């Protein structure tokens, strides 16, 4: 990564709000907004059968900012896409949502998760809409096989936003919404510490790159000074030779 890219990343980290940033990402109509409403226990995020999340939506509650992004297959312009990517890069946690009703992950989802894994993103894989399928275990096993490269490094949770809204408390518990909240709450301090660690790492990386550039500039300056001295000596020798020759001719 180039120095200016490191600087941009550091500026983004420094400007990040004090609240824990949790970004929710996934394909269209996989239950992202419904999941978020269940997590905050309020009807904040728009849900519909047609695409609603074109712009970034966020809501802060109890020191956590929940962010609903346009999604992996969002039909948005480049500016919105860049905003979504920036939010992903500076978020503390990524909730990646996939509807089990769609079966296993598609190639685009797998590639996206691979990229986030390489970037050391804290990922919680949320399998939603579990009420709509009878072969949940089969789909879950298939997805685990797809993600063998990272499955031990992430949390995988099956969720029902529908159950979270049920009047019966036992059914609400089966939604697993509480599991997500507990994981985030229990790791909040660790995640915020990790954020500061990222800043320190980037600062050190930037300082090393600046020092290397300064050393290169110094070497260039020394080489220029050496070449200048050599040219000066050659000029003086030539001038002396010319004077001596003229003297001999006289």
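The radius of gyration of the Cα set in the stretch 15-186, together with its Dmax, comes out at 15.1, 45 angstrom. Each label point was placed 7 Å from the Cα along the Cα-to-Cβ direction; for residue 209 and residue 223 their separation is 2.2 nm. Placing dummy labels 7 Å off each Cα toward the beta-carbon, the span from residue 238 to residue 174 is 9.5 nm.
Per residue, the convex hull spanned by the Cα atoms of the stretch 93-250 measures out at 166 cubic angstrom. The Rg/Rh ratio of the stretch 195-250, with Rg taken over Cα atoms and Rh as the Kirkwood radius over Cα pairs, comes to 1.59. Each of 196, 155, 134 has some number of other Cβ atoms within 10 Å of its Cβ, and from fewest to most they run 134, 196, 155.
Of the beta bridges in the stretch 15-186, as assigned by DSSP with both residues counted there, near 20 percent are antiparallel.
By the count of neighbouring beta-carbon atoms within 10 Å, fewest first, 91, 169, 58 end up ordered 169, 58, 91.
Values quoted throughout were computed directly from the atomic coordinates according to the rules given, and no laboratory measurement underlies them. Since the structure is predicted, the reported quantities are computational estimates derived from the model, not experimental observations. Here Cβ is always computed from backbone atoms with ideal geometry, including for glycine, and neighbour counts include all displayed protein chains.
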